[in-house]
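Asks: This is the structure I have questions about; it appears just below.
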Amino acid sequence: MVFVSTPDGRYLDMNPAGIAIFGYSSKEELFRVDIGKDIYVNPEDRKKLQNWLDEKGEIAAYRGIMRDITEHKRLEQQLFQAQKMEAVGQLAGGVAHDLNNILTAIMGYGSLLQTKISADSLLNDYVKQILGGANRAAEVTKSLLAFSRKQMMHPRPVDLNDIVRGIEKLLSRLIGEDIEIITTLSSKDVISTVDAGQIQQVLMNLVTNARDAMPNGGRLTLKSEVLELDEAFIWSNGYGESGQYAVLSVSDTGIGMNQEASERIFEPFFTTKGTGKGTGLGLAMVYGIIKQHGGYIHVDSEPVKGTTFNIYLPSTQSREESLPGTSGETHPRGGTETILVTEDDENLRQLSQLVLTQNGYTIISARDGETAVNEFLDHKALLSG
């Protein structure tokens, strides 16, 4: 915008762009405003500017330009948030990997110990407690791995409508009778290549959060649709790639969140719930799962007005009709072959060697890739036979 104004705070002239940015209907209306009181958020800022300008000499009028950088600041903040989430994700993934190694050793040796103790022994109860605690800790690492996008996936083309229908009965038991469930599914197939189990997990987490946000009852809405994300959407939201997306929305009429909470809601261990009422990992896991699927998740919330989570997943045109399956249980059959075990964690390497040896195998172990190659070359005939 280009403007001319007086030192006492009145506009003398303004181009059409400036009038539009300030939201006035005409120049005449703009000329009646007091710049210090009506335009500046903090009038002291104008006084500081005037003091600096008045040092140059006697001022008859100000002529200047202004640029609206609101959008630039918003995109800058979104970039900062994305970079922060990426850094936290790398940290969470590293921590989860190390914890998984420790827990695998605990559960492995605990399970071996359990096979050596009679079922009615008091020691067996102690081992069960150890394994139970290790399994609960493993769930935490699973959530961290999901957030850091390092969780194993088994994607296939799925109609998201089928996923919603499949958990509807479960949802009614989960949220209670004081919350009304409204399901609005697209009449068209809403197909995306996803891990169906993980998307079910996403919906369950979002619904659980919605339930907790409506302690006095309310309305929960699940919606599916297919949308085309264009350049206008990407520009206004600051993320995404143009194309067709399968969209799932979860809305509630609960207590909602302020902007500060909305910006941090996907961070690990951040929670708006009271002490002891949440781990702060549920939405972090949701975020990681959606990002690992190449999608986006957006939260829209206001205090008292409720919250809506919109999930955008890349749309798939065709649907897979049948999938190969397996039936019956499988048990380790044991054997006499020679196995080369490569593992950089010493505890896990020893555990693997112990379990396989007990099942009849001959083991050659290596602590890293280079050692494994050398061991293979030294025992090539034995390992290849």
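Asks: Check each of the GluC sites (Glu not before Pro) in the stretch 1-102 and keep only those in coil by DSSP with at most 10 other C-beta atoms within 10 angstrom; list them in order.
Replies: Within the stretch 1-102, the qualifying GluC sites (Glu not before Pro) (loop, at most 10 other Cβ atoms within 10 Å) are Glu55, Glu58.
Asks: Taking the Cβ of each residue in Met107, Met214, Met66 as the centre, tally the other Cβ atoms inside 10 Å and list the residues starting with the fewest.
Replies: Fewest to most other Cβ atoms nearby, the residues stand as Met66, Met107, Met214.
Asks: Just want the ordering: Thr6, Thr104, from fewest to most Cβ atoms lying within 10 Å of their own Cβ.
Replies: The fewest-first ordering by Cβ neighbours comes to Thr6, Thr104.
Asks: Nearest 10 degrees, 0 to 90: what angle lies between the long axis of helix 70-115 and the longest principal axis of the chain (Cα atoms)?
Replies: 20
Asks: Another question about this same structure. Can you pull the semi-axes for the stretch 84-228, root of five times each eigenvalue of the Cα gyration tensor, sorted largest first, whole Å?
Replies: Its equivalent ellipsoid spans semi-axes of 36, 21, 16 Å.
Asks: For the stretch 1-41, which semi-axes, largest first and in whole Å, follow from the square roots of 5 times the eigenvalues of its Cα gyration tensor?
Replies: Equivalent ellipsoid of the stretch 1-41: 15, 11, 9 Å, largest first.
Asks: What trypsin sites (Lys or Arg not before Pro) does the stretch 1-82 have in DSSP loop regions with at most 13 other beta carbons within 10 Å?
Replies: Arg32, Lys56, Arg67
Asks: Now, a different point. Principal axes first, then extents: for the Cα atoms of the stretch 156-314, list largest minus smallest coordinate on each axis, whole Å, largest first.
Replies: Result, largest extent first: 40, 34, 24 Å.
Asks: Related question: How big is the dipole moment of the chain about its Cα centre under a simple scheme where the beta carbon of each Lys and Arg is +1, that of each Asp and Glu is -1, and everything else is neutral? Debye, nearest 20, please.
Replies: Around 520 debye, computed over the chain.
Asks: So, one more: Highest GNM mean-square fluctuation, the chain, Cα pairs closer than 10 Å: which of Tyr287, Tyr296, Tyr361?
Replies: Most flexible of the set in this elastic network: Tyr361.
Asks: What's the Kirkwood radius of the stretch 2-68 in Å, using all Cα pairs?
Replies: 12.4
Asks: So what is the 222 nm mean residue ellipticity for the chain from helices alone, if each DSSP H run of at least 4 adds -39500 (n - 2.57) and you divide by all residues, rounding to the nearest 500 deg cm²/dmol?
Replies: Counting only the DSSP helices, I get -15000 deg cm²/dmol.
Asks: Whole number please: convex hull volume per residue, Cα atoms of the stretch 71-147, in Å³.
Replies: Here the figure is 70 Å³ per residue.
Asks: Mind telling me which of Ile363, Ile199, Ile35 comes out most flexible in a GNM of the chain, alpha-carbon contacts under 10 Å?
Replies: Per the Cα network of the chain with a 10 Å cutoff, Ile35 tops the list.
Asks: Shifting gears a bit: Averaging over all projection directions, find the projected area of the Cα convex hull of the stretch 338-384 and quote it in nm² with one decimal place.
Replies: 2.9
Asks: Right, next: In degrees from 0 to 90, rounded to the nearest 10, what is the angle of the helix 369-378 Cα long axis to the longest principal axis of the chain?
Replies: Tilt of helix 369-378: around 30 degrees.
Asks: Holding the Cα-Cα limit at 30 Å, pick out from Lys142/Lys188; Lys128/Lys291; Lys73/Lys291; Lys47/Lys305; Lys47/Lys84 the pairs that are longer than that.
Replies: Exceeds cut-off: Lys142/Lys188; Lys128/Lys291; Lys47/Lys305; Lys47/Lys84.
Asks: Order of Ile106, Ile265 from fewest to most other C-beta atoms within 10 Å?
Replies: Ile106, Ile265
Asks: So what's the Cα pair-distance distribution over the chain, bin width 20 Å, in %?
Replies: Taking all Cα pairs of the chain, the binned fractions are 19, 39, 29, 9, 4 percent.
Here, each number is a calculation from the coordinates, and none is a lab measurement. Just so we're clear, the structure is a prediction, and the values are computed from it rather than from any experiment. Positions of Cβ are generated from backbone atoms using ideal geometry, with glycine treated the same way; all protein chains shown enter the neighbour counts.
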